[in-house]
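Visitor: Here it is: the structure, laid out below.
The values are calculated or read from the model by the stated rules, or taken from the named source; none is laboratory data. Just so we're clear, the structure is a prediction, and the values are computed from it rather than from any experiment. Please note: Cβ atoms are built from the backbone with ideal geometry, for glycine as well, and neighbour counts cover all protein chains shown.
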Amino acid sequence: MDKKILEIENLKREFKMGSEIVRALKGISFSVNEGEFVTIMGASGSGKTTLLNILGCLDKPTEGLYLLDGVNIGKLSRNELAKIRNEKIGFVFQSYNLLARTSAIENVELPLLYNPKIPKSERDARALKALDAVKLSQRKDHLPNQMSGGQQQRVAIARALINEPVMILADEATGNLDTRTSYEIMALIQELNEDGKTIVFVTHEPDIASFSSRTITLRDGKIIKDAPNENVRSAKKALAELPVSDES
């Protein structure tokens with residue numbers, strides 16, 4: 001039987017805005033199995049960001065169940081949520097979120113700094129291995145401003161891998177990149193998925209979603225479609241087919 005990494009049942013999230021109640025999520029249910037690559041799509045106001053914050057343990061649902069790797073997130077304290085975030089989730093953001101005056105290898109090591117049991121030698125070794133996985137070990141001593149946007153996003157992905165999380169959660173991770181660089185990042189994401197990584201990728205771009213094996217579409221706080229992608233595109237192939245004039 002497939003192991004479920006995410007289980008969402010009748011998830012609701014409401015916010016009070018003055019005297020009004022805004023229902024951002026209106027009872028959504030889905031699950032993600034280990035090793036799946038799922039994209040979540042939806043226009044602005046669909047509930048995508050609210051769902052992302054709950055999946056990332058940055059927020060808790062008003063109602064409903066969220067199990068991450070068997071742990072009931074709704075019952076955790078703030079400190080417990082922080083621990084789960086650091087141990088079980090690898091985050092990749094649209095804006096990379098790298099420290100400007102810090103080298104690539106030091107940026108990758110950041111999540112390990114919260115664990116005093118890991119000596120520096122092991123931190124360095126694990127960070128180098130993660131940079132190697134994203135084909136960037138040769139740039140380990142470079143600062144973010146000495147790297148392209150695509151290279152910075154690779155560093156961010158290496159940082160997401162460092163704790164060997166049960167899920168990589170990406171938020172519009174190609175949003176700041178041109179088409180060629182976006183496809184390079186998606187080729188890397190597909191490779192990581194082939195290696196068994198579970199990936200939940202939030203995007204508003206249909207061409208990016210076409211690289212995943214399944215897409216969940218939100219509208220007005222509800223799931224309107226949850227279906228496997230019949231023809232999963234190869235990002236490597238899409239990259240090879242781009243006209244040379246696209247290179248910049």
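Visitor: Give me the residue from the stretch 76-86 that is more than 14 Å from the chain's Cα centre (by Cα) and in a helix (DSSP H, G or I) and, out of that set, surrounded by the most Cβ atoms within 10 Å (Cβ to Cβ).
Guide: Within the stretch 76-86, the match that is surrounded by the most Cβ atoms within 10 Å (Cβ to Cβ) is 84.
Visitor: Checking residue 2 against (1) over 23 Å from residue 88 (Cβ atoms); (2) not in a strand (DSSP E or B), only one condition comes out false. Which one?
Guide: (1)
Visitor: For the stretch 5-48, what are the residues that are free of Cβ contacts under 8 Å to residues at least 40 places away in the same chain and among the acidic types (Asp, Glu)?
Guide: Hit for the stretch 5-48 is 20, nothing else.
Visitor: Please work out which residue is surrounded by the fewest Cβ atoms within 10 Å (Cβ to Cβ), limiting yourself to the stretch 33-58 and to residues that are touching a Lys or Arg at 6+ places or on another chain (Cβ under 7 Å) and assigned to a strand (DSSP E or B).
Guide: 33
Visitor: What are the residues in the stretch 177-199 that are out of contact with any helix residue (DSSP H, G or I) (no Cβ under 6 Å at 6 or more places or on another chain), within 23 Å of residue 105 (Cβ to Cβ) and assigned to a loop (DSSP other than H, G, I, E, B), if any?
Guide: 195, 197
Visitor: Can you spot a residue in the stretch 103-125 that is of a type in the set (Ser, Thr, Tyr), part of a loop (DSSP other than H, G, I, E, B) and buried (at least 21 other Cβ atoms within 10 Å of the Cβ)?
Guide: No: the stretch 103-125 contains no residue that is of a type in the set (Ser, Thr, Tyr), part of a loop (DSSP other than H, G, I, E, B) and buried (at least 21 other Cβ atoms within 10 Å of the Cβ).
Visitor: Does the stretch 59-75 contain any residue that is over 21 Å from residue 172 (Cβ atoms), modelled with pLDDT under 90, within 17 Å of the chain's Cα centre (by Cα) and buried (at least 16 other Cβ atoms within 10 Å of the Cβ)?
Guide: Checking the stretch 59-75: not a single residue is over 21 Å from residue 172 (Cβ atoms), modelled with pLDDT under 90, within 17 Å of the chain's Cα centre (by Cα) and buried (at least 16 other Cβ atoms within 10 Å of the Cβ).
Visitor: Sticking with this one: Being of a type in the set (S, T, N, Q) and within 19 Å of residue 174 (Cα to Cα) is the filter here, so list the residues in the stretch 124-157 that pass it.
Guide: 145, 148, 151, 152, 153, listed by residue number.
Visitor: Failed condition for residue 91, given (1) at pLDDT 95 or above; (2) assigned to a strand (DSSP E or B), with all others met?
Guide: The failed condition is (1).
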